[in-house]
Amino acid sequence: MAGLKQPADKSHFLLPDLGEGLVEAELIRWLVKPGEAVKESQPMAEMQTDKALVEVPSPWAGTISELCGKEGDIIKVAAVLVRYGVGVASATKPATAPAKTAAKESAPACVSSQVAAGVKGSGDDLSKDQGTVVGSMQGTLNVASRFARKDDEHLATTTSTKTPQGKSLATPAVRRIAKELSIDINRVDGTGRGGRVTATDVGSFADAAPSASKARTPATGNGFAARAVAAPINLPPVDKDGVSQRIPFRGVRRKIAEALAKSVQTAVHFTAVDEADVTQLDIKRKEYSRVIGQKLSMLPFVMLAVCKALRAFPALNANVDDANNEILIKGVINIGVAVDTESGLMVPVIRDADRKSALELGTAVKTLAAKCKDRSITREESMGGTFTISNVGSYGGMFATPIINYPEVAILAAGRARERVLVKDGKFYAGLVLPLSISCDHRVVDGAQAVRFLSEVIRLLENPNEFTE
Amino acid sequence: MANLNLVQAINLALIQEMEKDDRVLLLGEDVGINGGVFRVTEGLHARFGARRVVDTPLAESGIIGTSIGLAMAGLRPIPEIQFDGFLGPAYDQICSHAARMRTRTRGAFTVPLTIRVPVGGGIHAPELHSDSPEAIYSHQPGLKVVMPSSPYDAKGLLISSIRDPDPVIFFEPKRVYRAFREEVPEDEYTIPIGKARVVCEGTELTIVSWGASVLQCMESIEKSSRSIELIDLRTIFPMDLEAIEASVRKTGRCVVVHEAPRTGGMGAEVAAQIMERCFLYLEAPVQRVTGFDTIMPYYKLELSYMPDANRISGAIEDVFSF
């Protein structure tokens with residue numbers, strides 16, 4: 001940049017070298033208009049070099065009389081970029097011919113791409129430098145701004161040696177024990193020398209922490225972790241039968257037990273399992289979530305497919321009235337959704353699920369699940385189901401043998417969707433696979449019918465355009 | 001301020017120190033009329049004359065031996081050794097005499113000598129032209145070893161080296177010579193020997209590097225989503241252990257990157273210092289990304305030899321997944 005001589009009369013501005021040894025740059029956008037008064041250092045144009053978008057500032061204050069180039073033009077280094085006019089101050093009046101001709105007498109022609117590059121000032125002693133006698137010097141690079149030198153950096157180069165806050169001191173051996181117990185070592189108070197965390201500290205912490213933090217302890221491994229922490233962890237006290245806690249079997253747990261026992265004793269259960277390739281559906285789900293600005297799980301989409309399939313297979317959308325020896329085919333579709341709560345399983349019901357959109361279903365599931373968890377769910381909201389879906393996949397698992405929510409006649413369990421290698425037309429591909437298990441009351445639904453229904457659900461899930469809006 | 005590359009920054013530092021102090025003189029192979037093998041001394045012969053910019057025979061032992069004598073007699077010689085690999089013939093003078101003279105004479109004499117040496121690979125040069133011998137001279141007590149990675153640091157460190165009362169090996173990474181330009185003040189400034197630069201701050205991992213490898217570290221950091229602190233040692237010996245300690249205590253993880261061979265390289269020293277100073281803070285073992293324990297290969301393979309952003313990124317992930 002130093003080598004290029006700008007005109008002393010400030011009548012025009014030559015494009016300088018915007019990088020190291022660049023010969024040209026693409027004009028992306030003008031930031032000023034003819035007739036506009038500019039301040040010194042005011043950006044005039046955005047230009048793209050080989051590596052970066054650069055704003056070219058005005059080297060002095062003045063009034064722009066002419067822009068030499070269109071957006072998209074390649075401008076050579078040392079070509080005229082803009083002309084300045086003296087007293088051309090009107091912003092409404094674009095540059096006029098007199099300004100142009102006047103300037104031409106003292107400046108190179110105003111062309112954008114033909115002007116030869118390589119105009120270098122005589123002041124740059126090193127510009128003709130070959131670089132090296134042996135080997136070759138090549139390549140340039142731009143240093144990203146995050147590595148840029150700060151002002152007066154050399155005045156203060158020493159960094160603080162203060163001990164960082166919130167970090168535990170521990171030997172790698174102790175860190176390993178903590179890691180194997182899934183304990184964040186920085187949460188453990190150290191009682192050792194200089195406040196360092198010892199193996200005993202980690203053991204005590206593990207003992208005091210809820211069982212969840214210990215859940216991932218490897219069962220055996222190489223035995224080191226177990227040996228290292230066996231001593232400090234105290235087992236809960238047990239009675240002579242080895243029982244550590246006796247819980248009365250009542251309340252919600254008792255109700256769940258009674259309902260399930262009644263179902264198993266009454267309905268004749270069988271389970272069929274299959275898998276759906278939900279790769280396309282998952283793409284659709286993500287698109288949909290993005291459009292509505294709200295994350296939706298796979299469950300509402302499975303519900304949509306189930307509702308549509310139930311219309312084709314009404315026998316699965318039924319209740320059994322054992323007292324009156326009747327099978328009640330239901331005209332409405334009310335889908336029960338299994339919800340896991342601290343008190344146990346609850347099954348709130350979404351009414352007229354077949355008339356709801358994925359977003360409405362997702363919202364309904366969330367609302368009802370929250371009500372179950374804070375125990376504000378009403379009896380009515382848990383009754384009148386015609387078919388139940390258990391989304392065990394949100395916790396994991398593959399296939400299941402779900403118990404029918406009697407007096408309904410069928411229940412579908414969706415496992416965890418996992419990416420898998422699939423085969424189609426003799427070719428491998430990666431896809432997202434959703435495992436599905438359906439249990440039916442064989443008294444009402446035969447195996448063939450159950451599997452046909454399941455196949456229809458899968459066909460829909462694999463062709464999301466058929467059931468999603 | 002001027003926008004200079006590393007060659008120009010050193011040229012500027014030499015001019016300014018020679019103008020300021022007439023005890024400063026240059027000597028070496030082709031440094032005079034030719035302007036130096038990398039053009040670092042371009043224009044100095046014409047400017048300061050043949051008595052202060054001295055072309056010497058091809059005899060490194062003689063260049064350094066002569067310089068030691070000049071320095072002990074009160075001058076400030078700046079000998080240039082054309083390439084890292086040519087330090088070999090001068091090793092005896094450097095390590096047997098320059099490094100020991102202060103101790104040998106119980107402080108009566110020092111050797112204010114700055115030995116400029118283009119260092120490292122990356123310019124497609126033949127054998128003996130691409131070595132990284134910084135560990136050899138860092139291991140010799142009595143020497144200071146400096147290796148800037150940028151034009152700004154090069155100027156400030158060279159002036160500090162010239163003014164230092166003891167011998168300094170001033171390594172100039174060839175690969176950086178013309179790699180990029182930086183604003184370099186024309187005013188006088190110095191950068192203290194023994195102070196590292198925190199190039200960018202981070203909280204999850206520290207990279208310690210020096211010389212041309214610093215640029216590869218930047219490239220790797222740019223690609224990473226991790227919060228990485230980059231320390232450019234700038235001076236290999238005496239090493240800025242406080243800067244390393246403060247950073248690794250903060251991050252708990254460290255990768256050391258250098259172009260020199262691995263075994264006995266300065267990366268090993270950094271790792272050992274971290275073990276001694278930061279043991280209780282470490283989340284993972286210190287990893288090294290270095291050249292290999294082989295002779296630097298000819299130029300077709302040199303890029304495979306030198307640490308690149310991919311190898312550095314691999315080490316970063318190894319540390320995080322430990």
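Just add up the charged neighbours of residue A:336: K/R +1, D/E -1, any other residue whose Cβ is under 11 Å from the Cβ of residue A:336.
Around residue A:336, the surrounding residues sum to -1.
R0 = 60 Å: FRET efficiency of residue B:46 with residue A:186, Cβ-based, nearest 0.05? The partial results should precede the final answer.
Numbers: r = 63 Å, r/R0 = 1.06.
Between residue B:46 and residue A:186 the formula returns 0.40.
Note down the nm distance, to one decimal, between modelled labels 7 Å out along Cα→Cβ at residue A:375 and at residue A:9.
9.3 nm
Cβ under 13 Å from residue A:391's Cβ, residue A:391 left aside: what net charge do those residues give with Lys, Arg +1 and Asp, Glu -1? Kindly include the intermediate steps, with their values, before the conclusion.
On the way: positive: A:366, A:416; negative: A:340.
My count for the surroundings of residue A:391 gives +1.
Considering only the other residues whose Cβ falls under 13 Å of the Cβ of residue A:46, what net charge follows from Lys and Arg at +1 and Asp and Glu at -1?
That works out to -3.
Which percent of the Cα-Cα distances in the protein assembly as shown go past 46 Å?
Values: 160647 of 312445 pairs.
Counting every Cα pair in the protein assembly as shown, those more than 46 Å apart make up 51 percent.
Roughly what angle does helix B:151-163 make with the longest principal axis of chain B, taking Cα atoms, 0 to 90 degrees, to the nearest 10?
Once rounded, one gets 50 degrees.
Modelling each spin label as a point 7 Å along the Cα-to-Cβ direction, I'd like the residue B:127/residue A:146 distance in nm, to one decimal.
Calculated label separation equals 4.2 nm.
Multiply the residue gap between residue B:34 and residue B:304 by 0.36 nm, knock off their C-alpha separation, and tell me the result in nm, one decimal place.
Result for the pair: 93.9 nm of gain on full extension.
Hey, what number do you get for the protein assembly as shown at 222 nm if only DSSP H runs of n ≥ 4 count, each worth -39500 (n - 2.57), divided across all residues, to the nearest 500?
Computed ellipticity for the protein assembly as shown at 222 nm equals -8500 deg cm²/dmol.
Any chance you could run the full-extension gain for residue A:401 through residue A:283? It's 0.36 nm times the residue separation minus the Cα-Cα distance, nm to one decimal.
Result for the pair: 39.6 nm of gain on full extension.
Put +1 on the Cβ of every Lys and Arg and -1 on every Asp and Glu Cβ in the protein assembly as shown; which of B:90, B:68, A:294 then has its Cα farthest towards the positive end of the dipole?
Selected residue: A:294.
If I fit a long axis through the Cα atoms of helix B:60-72 and take the longest principal axis of the Cα atoms of chain B, what angle between them do I get, 0 to 90°, rounded to 10?
Compared with the principal axis, the helix lies near 70 degrees.
Residue B:222 to residue A:74: FRET efficiency via 1/(1 + (r/R0)^6), r the Cβ-Cβ distance, R0 30 Å, to the nearest 0.05?
0.60
How many lysine pairs in chain B, separated by 8 or more positions in sequence or lying on different chains, have Cα atoms less than 27 Å apart?
Taking the Cα cut-off of 27 Å, the pair count is 14.
In nm, give the distance between the simple-model label positions of residue A:294 and residue A:208, each being 7 Å from the Cα along the Cα-to-Cβ direction.
4.2 nm
Using Cα atoms only, what is the angle between the long axis of helix B:309-320 and the major principal axis of chain B, expressed in degrees (0 to 90) to the nearest 10?
Helix B:309-320 sits roughly 50 degrees off the main axis of chain B.
Since every read-out is calculated from the coordinates, none of them should be taken as a lab result. This one's a predicted model, so the numbers in the text were calculated from it and none came from an experiment. Ideal geometry is used to build each Cβ from the backbone, glycine not excepted, and the neighbour counts take in all protein chains shown.
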